[in-house]
Amino acid sequence: MKWRLNKIQYPIYNLGPGKRVGIWVQGCNLGCKGCVNQMLWTKSGGREIEIVDVFNWLLSLDDKFDGVTISGGEPFQQYEPLITFLHLVKKKTDLDVYCFTGYYLNELEVLFPDRLFYRYLDFLVDGRYVSALHEDQNVKGSANQTLYRFVDGVAIKETGVPSRKWSVHVDRDNEIYMAGVPKRDDLKQICAELASVGINRDFR
């Protein structure tokens, strides 16, 4: 089974506790105004990767790390690949799993009555991003979103731990990726500072 992904970033030190692998899926039709990842909306972007290959790469990492964070795009619009990957992670490792979704938990329960995600996820941040309710927590994008912890098939609301850490990665094509939920106007400030030294970049 293949999974359409935009990127995998390692290591990241936010979007969940400790040292983590970040996976961004490709494709989302929710269209939240002000989304910082609009380049991940189209289903034709990114590339398809065999789930087993992603999992084997995860196992090949020499470093000790704490967990996996899955974001997007919209992970639940590729439900079967998502659940297949989560099954492997939870059966073969002791890593914790965070997932970010634009759906609300009650919507997921209707869309996926099997509720397998209750079994395989440790944490879920749910809800559409609402720019007028922007939060500067790094874990939640806007105040309407909720962080849940899953314990024995029960979703428990969590406060979460605010983080101001950023994780930055430069790939072989000199593309810069930043992991984290930016504070309001963070990206504008970063672009202005880069422009002041002759580097013209646009974070999309």
Any chance Gly67 is in contact with a Gly (Cβ under 7 Å, 6 or more places away or on another chain) and at pLDDT 95 or above: yes
Residue pairs meeting the criteria (Cβ under 7 Å; at least 6 apart or on separate chains; first in contact (Cβ under 8 Å) with a residue 12 or more places away in the chain, in segment 90-117; second among the hydroxyl-bearing types (Ser, Thr, Tyr) and assigned to a helix (DSSP H, G or I)): Lys90/Tyr120; Val97/Tyr120; Phe112/Tyr79
Which listed residue, of Asp126, Asp114, is out of contact with any Lys or Arg (no Cβ under 8 Å at 6 or more places or on another chain), surrounded by 19 or more Cβ atoms within 10 Å (Cβ to Cβ), among the charged types (D, E, K, R) and at negative phi: Asp126
Test set (1) loosely packed, with under 14 Cβ neighbours inside 10 Å; (2) closer than 24 Å to Ile49 by Cα - Val89 fails condition number: (1)
Counted residues, segment 118-133 - those being within 22 Å of Gly18 (Cα to Cα), in contact (Cβ under 8 Å) with a residue 40 or more places away in the chain and assigned to a loop (DSSP other than H, G, I, E, B): 1
Subset tally (residues that are surrounded by fewer than 23 Cβ atoms within 10 Å (Cβ to Cβ) and touching a Ser or Thr at 6+ places or on another chain (Cβ under 7 Å)) for segment 92-104: 1
Residues that are within 23 Å of Phe123 (Cα to Cα) and either under 12 Å from the mean Cα position of the chain (by Cα) or touching a residue at least 60 places away in the same chain (Cβ under 8 Å) (or both), drawn from segment 22-39: Gly22, Ile23, Trp24, Val25, Gln26, Cys28, Leu30, Cys32, Cys35, Val36, Asn37
Qualifying residues in segment 130-141 (those that are surrounded by fewer than 22 Cβ atoms within 10 Å (Cβ to Cβ) and out of contact with any Asp or Glu (no Cβ under 9 Å at 6 or more places or on another chain)) - the one nearest to Asn14 (Cα to Cα): Asn138
All positions within segment 40-84 that are assigned to a helix (DSSP H, G or I), surrounded by fewer than 15 Cβ atoms within 10 Å (Cβ to Cβ) and either of a type outside the set (Ser, Thr, Tyr) or touching a residue at least 60 places away in the same chain (Cβ under 8 Å) (or both): Val52, Asp53, Asn56, Trp57, Leu59, Glu80
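The values are calculated or read from the model by the stated rules, or taken from the named source; none is laboratory data. Not measured: the values here are computed from a predicted model. Here Cβ is always computed from backbone atoms with ideal geometry, including for glycine, and neighbour counts include all displayed protein chains.
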